[in-house]
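Colleague: Take a look at the following structure, please.
The values are calculated or read from the model by the stated rules, or taken from the named source; none is laboratory data. As the structure is a prediction and not an experimental result, all values here were calculated from the model. Glycine gets a Cβ as well: all are built from the backbone with ideal geometry, and neighbour counts include every protein chain shown. Side chains included, ligands, DNA and RNA excluded: accessible areas come from the protein's heavy atoms. Shrake-Rupley method; radii C 1.70, N 1.55, O 1.52, S 1.80 Å.
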Amino acid sequence: MSFVAINVLTVPEPMRDVLEERFANRAGEVERMDGFEYFELLRPVTGQDSYLVYTRWQSEDAFRAWVNSPAFNQGHAQASADGPAASGSQIWTFQVVQHKAGAGSDA
Ligand code: HEM
């Protein structure tokens, strides 16, 4: 059963471009990890101030291994060096109960 970890980032309007720029230049380490399945950066459309960083893994252990790896620190180097673009963050985790990909999806 896959495991989903979502980082909910509160991003004030003036910092949105900074956040998206950082993700545009992200390290790309996460997709090299064992058990990695999927990543998406989700920009809010209907007025919320939270971006979602969606990750999906083969197992919770695979997610935990990434969080405790040097790849995680490398993947957050810009945020560490230049200060946070987000004013808050919260981690939501889920077990995938059902999944179906459409013909137009690469998932
Ligand atoms: C205090 C918590 C966190 C904050 C403020 C934060 C913010 C950021 C920022 C600004 C980046 C852009 C790249 C960079 O800064 O170098 C990034 C990368 C990323 N974050 Fe986080 N993050 C946090 C924790 C997490 C957690 C727990 C997850 C798991 C759901 C996550 C998922 C990701 C992923 C997948 C990337 C891309 C890494 C890569 O390309 O290798 N983040 N994060």
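Colleague: When ligands, DNA and RNA are left out and all protein chains stay put, how many square angstrom of accessible area per residue does segment 3-95 have with a 1.4 Å probe?
Modeller: Heavy-atom accessible area per residue stands at 61 Å².
Colleague: If you find the alpha carbon centre of segment 1-74 and of segment 75-107, how far apart are they in angstrom?
Modeller: Spelled out, the Cα-based centre of one part sits 3 Å from the other.
Colleague: Ok, one more. Taking all protein chains in place and a 1.4 Å probe, what share, in percent, of the accessible surface of segment 3-95 do carbon and sulfur account for?
Modeller: Exposed carbon and sulfur together represent 50 percent of the surface.
Colleague: Next question. Anyone know which of Trp66, Trp57, Trp92 comes out most mobile in the 10 Å Cα GNM of the chain?
Modeller: Most flexible of the set in this elastic network: Trp92.
Colleague: Full-extension gain between Phe39 and Ala81, please, as 0.36 nm times their residue separation minus the C-alpha to C-alpha distance.
Modeller: 12.8 nm
Colleague: Apply 1/(1 + (r/R0)^6) to the Cβ-Cβ distance of Ala27 and His99, taking R0 = 35 Å, and write down the FRET efficiency to the nearest 0.05.
Modeller: 0.85
Colleague: Would you please classify the overall shape of the chain from the alpha carbon gyration tensor, given that a ≥ b ≥ c denote the square roots of the eigenvalues, rounded means a/c under 1.5, and beyond that prolate means a/b larger than b/c while oblate covers the rest?
Modeller: Oblate, because a/c is 1.5 or more while a/b does not exceed b/c.
Colleague: Rounded to the nearest 500 deg cm²/dmol, what is the calculated helix-only ellipticity per residue at 222 nm for the chain, with -39500 (n - 2.57) per DSSP H run of length n ≥ 4?
Modeller: It lands at -7000 deg cm²/dmol.
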